[in-house]
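Worksheet: one structure, shown below.
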Amino acid sequence: MTAHREAPKPLFARVALIGIGLIGSSLSHAMRRRGLAGHISGYAQSARTRETAKRLGLVDSIHETAADAVKGADLVILCTPVGVYAPIAQEIAPHLGKGAIVTDVGSVKGAVVRDVGPHIPPGVHFIPGHPIAGTEHSGPESGFAELFDGRWCVLTPVEGTAPEAVEKLSAFWRACGSNVETMDAAHHDMVLAITSHVPHLIAFSIVNTARHLERVTDSEVIKFSAGGFRDFTRIAASDPVMWRDVFLNNKEAALEMLGRFTEDITVLQRAIRFGDGETLHRLFAEARATRKGIIAAGQDTAAPDFGRHKGPPTGAKS
Ligand code: NAP
């Protein structure tokens with residue numbers, strides 16, 4: 001007699017993905033991999049993305065409005081650029097079921113608490129989140145199940161959030177492959193300003209600086225790009241809408257960290273001007289040690305060429 005084993009019950013009966021780009025589609029793959037959702041409903045603004053999501057089997061049902069997508073969902077995940085969270089939250093609010101969890105994946109968190117929080121009805125748990133995992137690619141075809149494996153997901157529940165809802169969402173992210181950490185939104189925004197937001201700003205800026213140099217042609221920029229510049233161009237290929245919204249919604253922390261960066265780069269500039277090799281060597285050696293720490297923590301690979309030619313794409317984390 002063969003033993004009959006029932007499939008484990010999914011963590012959530014119905015998950016609504018509001019936005020199906022890189023992160024939304026990766027979440028779908030990650031949920032499918034472990035059977036985390038009984039049903040995945042999806043919403044995307046364009047007919048093209050809705051068709052692609054259906055064709056790729058990212059969703060079990062696809063909807064033309066966010067309001068329709070969230071009906072009956074016990075987990076709602078906002079996966080659009082953060083600049084449109086407020087109108088979406090307003091639209092879905094009357095359709096959220098009691099006991100449902102509403103979360104998001106946005107790269108800033110204070111603005112999400114500000115824009116979404118007031119719309120959440122009583123009896124619905126609102127827990128902002130941010131998977132620190134991504135690539136420079138966008139759209140429903142760019143997602144893959146392994147995106148969150150071994151990466152951190154930060155949750156920023158506001159005071160008074162039911163601990164069992166936070167635990168259930170943490171279990172969801174762990175089942176998607178992530179490590180989970182909880183902190184307050186302001187702290188998240190400060191840490192991410194220096195680890196992600198300002199580095200992206202520098203990449204956008206330096207790529208344009210090179211492009212605008214009159215004595216360096218575009219073809220030279222491409223031809224000689226291996227010397228460090230290439231990694232900036234990869235980061236600078238990230239979605240402009242997403243990054244516009246990040247800087248519009250993390251203004252204070254971004255400006256604070258940019259100020260510190262400017263001071264520190266002036267120190268380097270001065271050391272170069274005065275031939276101060278000791279300062280240059282000391283600061284470069286300190287920075288090098290940080291890279292070793294990241295590799296030791298398993299957050300990147302020490303493989304030559306950043307392991308670029310092996311496995312799924314890894315890249316800009318936001
Ligand atoms: P994406 O690939 O560009 O996908 C964005 C999705 O949002 C698409 O489904 C798009 O629909 C929809 N959308 C865009 N504008 C909209 C609007 N005005 N109204 C309604 N829907 C709209 O973006 P993503 O990289 O997945 O990023 C999504 C979120 O994840 C952002 O909040 C970002 O901060 C966060 N995040 C990104 C990364 C990363 O590395 N990319 C990492 C961590 C977190 P259409 O396709 O139909 O236009």
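The residues listed here are 138, 142; of these, the one that is part of a loop (DSSP other than H, G, I, E, B), within 15 Å of the ligand (Cβ to nearest atom) and open to solvent by 60 Å² or more (accessible area, probe 1.4 Å) is 138. All of 22, 11, 56 fail the test of being open to solvent by 30 Å² or more (accessible area, probe 1.4 Å) and farther than 28 Å from residue 123 by Cβ, apart from 56.
Restricting attention to the stretch 269-282, the residues that are closer than 22 Å to residue 206 by Cα and open to solvent by 50 Å² or more (accessible area, probe 1.4 Å) add up to 4.
For the stretch 1-82, which strands (runs of 3 or more DSSP E) that fit wholly inside it have 3 or more residues that are assigned by TED's automatic domain parsing to the domain that holds residue 248, more than 11 Å from the ligand (Cβ to nearest atom) and without any contact (Cβ under 8 Å) to a residue 24 or more places away in the chain?
none
For the stretch 109-135, the candidate set comprises residues that are part of a loop (DSSP other than H, G, I, E, B) and not small (Gly, Ala, Ser); within that set, the residue that is modelled with the lowest pLDDT is 135.
Need at least 3 residues that are open to solvent by less than 30 Å² (accessible area, probe 1.4 Å) per element, so show me which helices (runs of 4 or more DSSP H) inside the stretch 174-252 make the cut, counting only ones lying wholly within it. Steps first, please.
Working: elements: 185-192, 198-212, 218-223, 229-236, 240-249.
The helices (runs of 4 or more DSSP H) meeting that bar are 185-192, 198-212, 240-249.
When 81, 87 are checked against the criterion of being under 14 Å from the mean Cα position of the chain (by Cα) and surrounded by fewer than 24 Cβ atoms within 10 Å (Cβ to Cβ), 81 stands alone in meeting it.
The values are calculated or read from the model by the stated rules, or taken from the named source; none is laboratory data. This one's a predicted model, so the numbers in the text were calculated from it and none came from an experiment. Methodologically, a virtual Cβ is constructed for each residue, glycine included, from the backbone with ideal geometry; neighbour enumeration extends over all protein chains shown. Accessible surface is based on the protein model in full, side chains and every heavy atom, while ligands, DNA and RNA are left aside. Shrake-Rupley method; radii C 1.70, N 1.55, O 1.52, S 1.80 Å.
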